[in-house]
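The values are calculated or read from the model by the stated rules, or taken from the named source; none is laboratory data. Bear in mind the structure is a predicted one, so any value in this text is a computation, not a measurement. Note that each Cβ is placed from the backbone with ideal geometry, even for glycine, and that neighbours are counted across all protein chains shown.
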Amino acid sequence: MMRTIAAALVSTALFGMQAAKAPAPSSNPVQVKTLLQTDKAWDDKPYAAYPAGHPQLSVLQITLPPHTTMEWHRHPIPNAAYVVSGELKVEKQDGFTKHFTKGQVVAETVGEWHRGVTGDQAAELLVFYSGAPGVPLSELQSKAPAK
């Protein structure tokens, strides 16, 4: 009888050791949520080709203070901005505007002059650019060559 009890204890101990080594099922499985998937910018214009050359990705964290009006600028490459906090009104020179708030993604225009305007709160953006070495992320209208 002692041998049966000892065998049961050893068996239980071994089972417990194996159970401890086995990975526990995850209570927080990986979740994926598509925030944006598009082939056109926020102004509904389709994207054209990427710049030629070796690809270069850039990710910037940009914080715009409250009541800020950015300079007119344009992007020569596709990019998207995730609004981490605050809100942003984006406008083009022809008056077309769109409003973005926390959790939304701005599919930026390419080659179109535009600017962002913040409200009563600062706006924090994470901006993802897909370009090539030597290609600027943006160009200011005040520094653009005369046509």
Item to complete: Look through 25, 55, 46 and report the one residue that is more than 28 Å from residue 101 (Cβ to Cβ) and either surrounded by 15 or more Cβ atoms within 10 Å (Cβ to Cβ) or at pLDDT 85 or above (or both).
Response: 55
Worksheet entry | Long-range neighbours under 6 Å by Cβ, at least six apart or interchain, first residue closer than 13 Å to residue 114 by Cβ within region 92-104, second in a strand (DSSP E or B) | 92/114; 97/89; 97/91; 98/90; 100/83; 100/88; 100/106
Worksheet entry | Considering residues of region 69-83 that are surrounded by 15 or more Cβ atoms within 10 Å (Cβ to Cβ) and closer than 19 Å to residue 95 by Cα only, the residue nearest to the chain's Cα centre (by Cα) | 75
Fill in: Members of region 45-71 found to be touching a Phe, Trp or Tyr at 6+ places or on another chain (Cβ under 9 Å) and closer than 17 Å to residue 107 by Cα, listed by number
57, 58, 59, 60
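What are the residues in region 85-108 that are closer than 26 Å to residue 34 by Cα and either hydrophobic (A, V, I, L, M, F, W, C) or at pLDDT below 95 (or both), if any? Step through it out loud before you land on a result.
From region 85-108, those closer than 26 Å to residue 34 by Cα are 85-91, 97-108; that's our starting set.
Once the filter is applied, which keeps residues that are closer than 26 Å to residue 34 by Cα and either hydrophobic (A, V, I, L, M, F, W, C) or at pLDDT below 95 (or both), region 85-108 yields 88, 90, 100, 105, 106, 107.
Based on this model, can you work out whether residue 32 counts as at pLDDT 95 or above and not small (Gly, Ala, Ser)? Don't jump to the end; show me each part of the working.
Numbers: at pLDDT 95 or above: no; not small (Gly, Ala, Ser): yes.
The answer is no for residue 32.
Mind checking which residues of region 123-147 are assigned to a loop (DSSP other than H, G, I, E, B) and more than 18 Å from the chain's Cα centre (by Cα)?
132, 133, 134, 135, 136, 144, 145, 146, 147
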Discussion item. Between 109, 118, which is buried (at least 16 other Cβ atoms within 10 Å of the Cβ), under 19 Å from residue 44 (Cα atoms), touching a residue at least 40 places away in the same chain (Cβ under 8 Å) and polar (S, T, N, Q)?
Written reply: 109
